[in-house]
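No value in this document is a laboratory result; all are computed from the given coordinates. Predicted model, so just to flag it, every value in this text is computed and none were measured. We place every Cβ from the backbone using ideal geometry, glycine too, and count neighbours over all the protein chains shown.
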Amino acid sequence: MKKILYLLLLTCYIGFSQQTVDLDNSSVKWTGNQISGKSHFGTLTFESAKLSFTNNEFKGGEFVVDMSSISVDDLTGKGKKSLEGHLMSDDFFSVNKFKTSKLELKKVDKAGPSQYNATGNLTIKGKTHPADINFTINRDNNSMIAKLVFDRSKYNVRYGSGSFFENLGDRLILDDIELEVTIKMM
């Protein structure tokens, strides 16, 4: 009986596994655009991340981002520091109140040899909405790239948004924020 139980547990372990994420070498690149064509970009780091695989196929995950890690990478000096502070303020992500954002994958479908389409729930500023994410796995360097776009107005990120304010002219900041996530696995 013990042997049967051991084989059953081993089979479950081999078929389903959690992949450890190298948090120090994984990151989120964000890009925000204005109607004028001007844009800003930067990075965020993970507080935690989990990936699930079944029979070597990607099946799910959960990612928690440390919002206090927000960095503006296209500026330097005072401009960089000023925009980072503004992004952390209540005008944008209210980092003092909402220290993390979270993405929970609910369904992952294989779309090609190394391509996966996923749906999940994205939580920013305490508000949760569905999200669609595309993943590409690079098994040669044990990494993944994920891409998604979210509408910041759904998460009450109001500053410069045409969804909340009129007559912004070329100061209008588009609601769609692009994310490119690099996930390094151990």
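Odds and ends about this structure:
- Placed amide H near L174: partners under 5 Å, 5+ positions off or other chain: N33, Q34, I35
- Taking the stretch 82-138 as the region of interest, the number of lysine pairs whose Cα atoms are within less than 16 Å, with members eight or more places apart or on different chains, is 6.
- Filtered trypsin sites (Lys or Arg not before Pro), the stretch 71-152: DSSP coil and at most 11 other beta carbons within 10 Å: K97, R139
- Think of the stretch 93-137 as having a plus end and a minus end, set by charges on the Cβ of Lys, Arg, Asp and Glu; of N117, H129, V95, V95 sits farthest toward the positive end of this dipole.
- Computed E for Q34/D132 - FRET, C-beta separation, R0 22 angstrom, nearest 0.05: 0.35
- Couplings for the stretch 39-55, taken from phi via the Karplus curve 6.51 cos²θ - 1.76 cosθ + 1.60 with θ = phi - 60°, read 9, 10, 9, x, 9, 9, 10, 8, 8, 7, 7, 10, 10, 10, 10, 10, 6 Hz in order; Gly and Pro are left as x.
- Residue-wise HN-Hα couplings along the stretch 84-96, as the Karplus relation 6.51 cos²θ - 1.76 cosθ + 1.60 with θ = phi - 60° gives them from phi, are 4, x, 5, 5, 7, 6, 5, 4, 10, 9, 6, 4, 4 Hz; Gly and Pro carry x.
- Applying 0.36 nm per residue to the separation of T54 and V149 and subtracting their alpha-carbon distance, the gain on full extension is 31.5 nm.
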